[in-house]
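Trainee: Pasting a structure here, questions to come.
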Amino acid sequence: MRKVLRWLLSLVILVGVAGVGAGSASAGAATPTEPDIKERVLRIPGMSFVEEQPYEGYRFLVFTYTQPIDHRHPSKGTFKQRFTLLHKATDRPTVFYTSGYNVATAPRRSEPTQLVDGNQVSMEYRFFSPSRPQPADWSKLDIWQAASDQHRLYRALKPVYGKKWLATGGSKGGMTATYYRRFYARDMAGTVAYVAPNDVVNTEDSAYDHFLAGVGTAECRTRLNAVQREALVRRDEIVARYQKWADDEGQTFTVVGSADKAYENVVLDLVWAFWQYHLLKDCADVPATTASTDELYRFIDDISGFSAYTDQGLATYTPYYYQAGTELGSPDFRTPHLKGLLRYPGIYTPRSYVPRDIPMRFRPAAMRDVDSWVRHDARRMLFVYGQNDPWGAERFRLGNGAKDSYVFTVAGGNHGSNIGQLAAAEKAKATAEVQKWAGVAPTAKPLARHDAKLDRREVEREPMLRP
């Protein structure tokens, strides 16, 4: 599950980063008469400078900001939260981006930043290393505390960046942007959430069964199910290779329990991960059940990733799995074609991926509250989904109370879907709305030129269990 969830640290996304080129005509880098942006930020109490990396047309700086461990009780300790600043000019709008995971410490630009030719503040999610309190009180890792991190950083930077702000993110980052808006609705002028799952009732996941029964073509679904079953038929041979690889690479399985248990999770990811990261045309690459074990091993590793369920692979995503098992929920789906081949019923859950010394208790009210708010109170929110992305089977939907908000779907799209991939009319509409929310003249086209390096799409593979 984790690999299916892993694609996202840069959809993470830098969602759909589609391109803001250095040197846009509408706004250049800081003028010589403008006070140095690094010094302006460092005047804010709690700010510390980490590094600066040159990038033509921008200033790209890495900072930490001192945050309360518990925003309800600020006197009970602090931690340093990492964030980056892609500075264009203080008279441009600013996009507040989060992947919901670690922050990328190289210059990257999200799609909304390109559309409005603005600045970008990218924040690391609390409890993702190194932005983790020591010692870690995991009860302080919840969506309200994380939204309060964003709110506090926004308030600190708003006097510097006084124009309008937008929030964005992909997958878990899209969820994060939505939760931030729910708790601090007045901070942002608009929110663009990409491929954001919305698991309102964690115990009711039939939507995923319906999705997997109809996605793509019948031929492709049959091939995927067959190769998934074959992966378990040849289990003992492949697990022996898996264990040898782990021994050679210094990888261990303490959290999950064994290489055999880890392998069962890897195989359960297979069909979901294929649709999350690939397109219908890639069905041609699914091996036949008569393929050699070498070919099957490579396919499983490419789609699901053998490293996903090692202790070392899980450690980065412990905060995600903790949240999936306490508030966010996680998908469950039936696998009748694997009957008789699964050895560990119930292992495919977040609790399996979090060390046992970290207590977890699920709070079902959290997602119901957010879903109700989006349906009845959303203002200036835009959701983008991919038609063939499993995470979109349970998505945010707008009710009669939502105003100036939209849900768009990319035909045939996967977990990397973005505004630039929409049909022409929807793309123009979405682009113009985002620009209008940001307070710039809507043109229905990006205000900044594409920059192949800055706007490189890197939808990082998230843990599957759920985004």
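Trainee: Inspect the stretch 397-412 for any residue being closer than 21 Å to ASP282 by Cβ and out of contact with any helix residue (DSSP H, G or I) (no Cβ under 7 Å at 6 or more places or on another chain) and give the result as yes or no. Even if it seems obvious, please write down each step before you answer.
Mentor: Residues of the stretch 397-412 closer than 21 Å to ASP282 by Cβ: 409-412.
Applying the additional criterion that residues be out of contact with any helix residue (DSSP H, G or I) (no Cβ under 7 Å at 6 or more places or on another chain) yields 409, 411.
Scanning the stretch 397-412, I find at least one residue that is closer than 21 Å to ASP282 by Cβ and out of contact with any helix residue (DSSP H, G or I) (no Cβ under 7 Å at 6 or more places or on another chain), so the answer is yes.
Trainee: Mind checking which pairs have a first residue in the stretch 186-206 that is among the hydrophobic types (A, V, I, L, M, F, W, C) and a second that is open to solvent by 50 Å² or more (accessible area, probe 1.4 Å) and part of a loop (DSSP other than H, G, I, E, B), Cβ under 9 Å, 6 or more apart or different chains?
Mentor: MET188/LYS164; MET188/ARG380; ALA189/LYS164; ALA189/ARG380; ALA189/GLY439; VAL201/PRO364
Trainee: Okay, moving on. Select, from ALA366, ALA428, the only residue that is crowded, with 18+ Cβ neighbours inside 10 Å and either among the small types (Gly, Ala, Ser) or more than 17 Å from the chain's Cα centre (by Cα) (or both). Break it down stepwise before answering.
Mentor: Numbers: ALA428 fails: crowded, with 18+ Cβ neighbours inside 10 Å.
Of ALA366, ALA428, the one residue that is crowded, with 18+ Cβ neighbours inside 10 Å and either among the small types (Gly, Ala, Ser) or more than 17 Å from the chain's Cα centre (by Cα) (or both) is ALA366.
Trainee: Write out, first by first residue and then by second, each pair whose Cβ atoms fall under 7 Å of each other, whose residues are 6+ apart or on separate chains, and whose first residue, in the stretch 123-135, is at positive phi while the second is open to solvent by 10 Å² or more (accessible area, probe 1.4 Å) and at pLDDT below 95.
Mentor: none
Trainee: Let me ask something else about it. Does any residue in the stretch 150-168 that is of a type in the set (Gly, Ala, Ser) come within less than 8 Å, Cβ to Cβ, of a residue that is part of a helix (DSSP H, G or I) six or more places away or on a different chain, and which pairs are these?
Mentor: As it stands, the answer is ALA167/GLN150; ALA167/ALA177; ALA167/TYR180; ALA167/ARG181, since those pairs meet every condition given.
Trainee: Okay, moving on. May I ask you to list the residues in the stretch 241-283 that are over 19 Å from ARG223 (Cα atoms) and small (Gly, Ala, Ser)?
Mentor: ALA246, GLY250, GLY257, SER258, ALA259, ALA262
Yes/no per residue for (1) more than 30 Å from ARG334 (Cβ to Cβ); (2) in contact with a helix residue (DSSP H, G or I) (Cβ under 7 Å, 6 or more places away or on another chain); (3) surrounded by fewer than 23 Cβ atoms within 10 Å (Cβ to Cβ); (4) modelled with pLDDT of 95 or more:
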| residue | (1), (2), (3), (4) |
| --- | --- |
| LEU153 | yes, no, yes, yes |
| LYS158 | yes, no, yes, yes |
| TYR161 | yes, no, no, yes |
| ALA193 | no, yes, no, yes |
| ASP199 | no, yes, no, yes |
| LEU212 | no, yes, yes, yes |
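Trainee: Given the options ASP117, ASP137, name the one that is under 22 Å from GLU433 (Cβ atoms) and either more than 16 Å from the chain's Cα centre (by Cα) or open to solvent by 30 Å² or more (accessible area, probe 1.4 Å) (or both).
Mentor: On the way: ASP137 fails: under 22 Å from GLU433 (Cβ atoms).
The unique qualifying residue is ASP117.
Trainee: Taking the conditions exactly as written (crowded, with 20+ Cβ neighbours inside 10 Å, free of Cβ contacts under 8 Å to residues at least 60 places away in the same chain and β-branched (Val, Ile, Thr)), does VAL50 satisfy them or not?
Mentor: Values: crowded, with 20+ Cβ neighbours inside 10 Å: no; free of Cβ contacts under 8 Å to residues at least 60 places away in the same chain: yes; β-branched (Val, Ile, Thr): yes.
The answer is no for VAL50.
Trainee: Could I ask something else about it? In this structure, is TYR97 surrounded by 24 or more Cβ atoms within 10 Å (Cβ to Cβ) and either among the aliphatic types (A, V, I, L, M) or under 22 Å from GLN134 (Cα atoms) (or both)?
Mentor: On the way: surrounded by 24 or more Cβ atoms within 10 Å (Cβ to Cβ): yes; either among the aliphatic types (A, V, I, L, M) or under 22 Å from GLN134 (Cα atoms) (or both): no.
It is false that TYR97 is surrounded by 24 or more Cβ atoms within 10 Å (Cβ to Cβ) and either among the aliphatic types (A, V, I, L, M) or under 22 Å from GLN134 (Cα atoms) (or both).
Trainee: If you go through the stretch 370-409, how many residues are of a type in the set (D, E, K, R), under 23 Å from ASP187 (Cβ atoms) and loosely packed, with under 15 Cβ neighbours inside 10 Å? Outline the logic, then answer.
Mentor: The initial filter retains those residues of the stretch 370-409 that are of a type in the set (D, E, K, R), namely 371, 375, 377, 379-380, 389, 394-395, 397, 403-404.
Narrowing further to those that are under 23 Å from ASP187 (Cβ atoms): 371, 375, 377, 379-380, 403-404.
After this cut, where a residue has to be loosely packed, with under 15 Cβ neighbours inside 10 Å as well, the list is 403-404.
Total meeting the criteria: 2.
Trainee: Now, a different point. What number of residues within the stretch 235-251 are more than 26 Å from the chain's Cα centre (by Cα), more than 14 Å from ARG343 (Cα to Cα) and open to solvent by 10 Å² or more (accessible area, probe 1.4 Å)? Steps first, answer last, please.
Mentor: First pass over the stretch 235-251, keeping only residues more than 26 Å from the chain's Cα centre (by Cα): 235-250.
Next, from what is left, pick out any that are more than 14 Å from ARG343 (Cα to Cα): 237-238, 240-250.
Next cut, open to solvent by 10 Å² or more (accessible area, probe 1.4 Å) only: 237, 240-241, 243-245, 247-250.
So the count comes out to 10.
Trainee: Moving on to the next point. Mind listing just one residue for me: the one in the stretch 257-287 that is open to solvent by 10 Å² or more (accessible area, probe 1.4 Å) and of a type in the set (Gly, Ala, Ser) and, of those, nearest to THR349 (Cα to Cα)?
Mentor: Looking at residues that are open to solvent by 10 Å² or more (accessible area, probe 1.4 Å) and of a type in the set (Gly, Ala, Ser), I get GLY257.
The values are calculated or read from the model by the stated rules, or taken from the named source; none is laboratory data. Computed from a prediction, not measured in an experiment: that's the story for all the values here. When we count neighbours, we look across all protein chains shown, and the Cβ atoms used for this are built from the backbone with ideal geometry, even at glycine. In case anyone asks, the SASA skips ligands and DNA or RNA and just uses the protein heavy atoms, side chains included. Shrake-Rupley method; radii C 1.70, N 1.55, O 1.52, S 1.80 Å.
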